[in-house]
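Let me begin by presenting the structure, written as C-alpha cells, before commenting on it.
The values are calculated or read from the model by the stated rules, or taken from the named source; none is laboratory data. This one's a predicted model, so the numbers in the text were calculated from it and none came from an experiment. Glycine also receives a Cβ, built like all others from the backbone with ideal geometry; neighbour counts cover every protein chain displayed.
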Amino acid sequence: MNNYSTMYFGSLMNWDLITNFLSMHLVSWLLFLVMLANYVRTSNIHASFSVRAERKEVLSLSIVMCFSYALMIPIELLVGLFEISSRYFPYTFFLFLDILTILLICFLIKLQSNKALLCKRYIVFCLSCNSILFLSLQIDLLLMYNNFKPFKAWWFWDVFTIGINFFDAVMILVLLIHKDLLMVNRLLLHRKKSKAVL
C-alpha cells in the first residue's frame with residue numbers, strides 16, 4: 001500500500017485517483033457552486049419582482065453551464081470505457097459540447113435583463129474561444145499523426161492549457177459577480193453605437 005492509499009470503511013481508497021478526478025473536473029464543481037449561489041440569490045423574498053426576475057435569468061444561464069460541464073464527466077467515462085475516442089479526434093466531444101451549449105444559449109434561452117445579457121455575451125465569447133482552441137489543437141494533432149510535423153510539445157500546447165482555464169475562470173467569475181471583467185460588453189455596445197451613427 002503506497003502513501004496515497006488508505007483504508008476507509010473497509011475499502012481501499014486511492015487518493016491519487018480521487019484528486020485527479022476532482023482537479024480534472026474542478027470547473028464543473030465551481031460551476032455547480034455558482035449555480036447554487038445564484039439559486040440562493042433568487043430565494044431572497046425581500047428583493048423586488050424585477051430583481052428576482054433578473055436573478056432567475058442569471059440562474060438559468062448558470063444551470064445550463066453547470067449541466068454542460070457536468071455532461072463531460074459521463075462522456076469521458078463512456079469514451080474511456082468503450083474506447084470511442086480515436087487518436088485522430090480526441091477533443092471532438094468537447095468541441096461539439098461547447099458548440100451545442102452556445103446554440104442552446106443563443107436560440108432557446110430568452111433573456112431581457114442587463115445582467116443576464118452581460119453573462120450571456122461572456123459565456124458565448126468564452127465558449128467560442130474554447131471551441132477555437134479545441135479545434136486548433138485537434139488540427140495540430142491531426143498534422144502530427146499524419147507526419148506533417150514532428151510529434152513534440154510546443155508553445156501552442158501551453159497557450160491551449162492556459163487559454164481554456166482562463167476562459168473557464170472568466171465564465172465562472174462573470175456568472176458569480178455579474179461584472180464586465182474584460183470590457184467585452186463595452187466593446188460590443190461601442191460597436192453597435194458606431195454602426196448606428198454610420
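Pairs are defined by a Cβ separation below 6 Å, a sequence spacing of at least 6 or placement on different chains, a first member in the stretch 54-79 that is in a helix (DSSP H, G or I), and a second member that is of a type in the set (Gly, Ala, Ser); the pairs so defined are Glu54/Ser113; Glu57/Ser113; Glu57/Ala116; Val58/Ala116; Tyr69/Ser28; Ala70/Ser28; Val79/Ser85.
Across the stretch 125-150, the qualifying residues are those that are farther than 24 Å from Ser68 by Cα and in contact with a Pro (Cβ under 9 Å, 6 or more places away or on another chain), and the one among them that is surrounded by the fewest Cβ atoms within 10 Å (Cβ to Cβ) is Met144.
Scanning the stretch 81-107 for residues that are hydrophobic (A, V, I, L, M, F, W, C), loosely packed, with under 15 Cβ neighbours inside 10 Å and modelled with pLDDT under 90 yields a count of 4.
Residues in the stretch 169-191 that are touching a Leu at 6+ places or on another chain (Cβ under 8 Å), touching a residue at least 12 places away in the same chain (Cβ under 8 Å) and within 22 Å of Met72 (Cβ to Cβ): Val170, Met171, Ile172, Val174, Leu175.
To keep it simple, each residue is scored yes or no on (1) closer than 25 Å to Leu173 by Cα; (2) without any contact (Cβ under 8 Å) to a residue 60 or more places away in the chain; (3) in a helix (DSSP H, G or I).
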| residue | (1), (2), (3) |
| --- | --- |
| Cys106 | yes, yes, yes |
| Tyr122 | yes, no, yes |
| Cys126 | yes, yes, yes |
| Ile132 | yes, yes, yes |
| Leu137 | no, yes, yes |
| Leu142 | no, yes, yes |
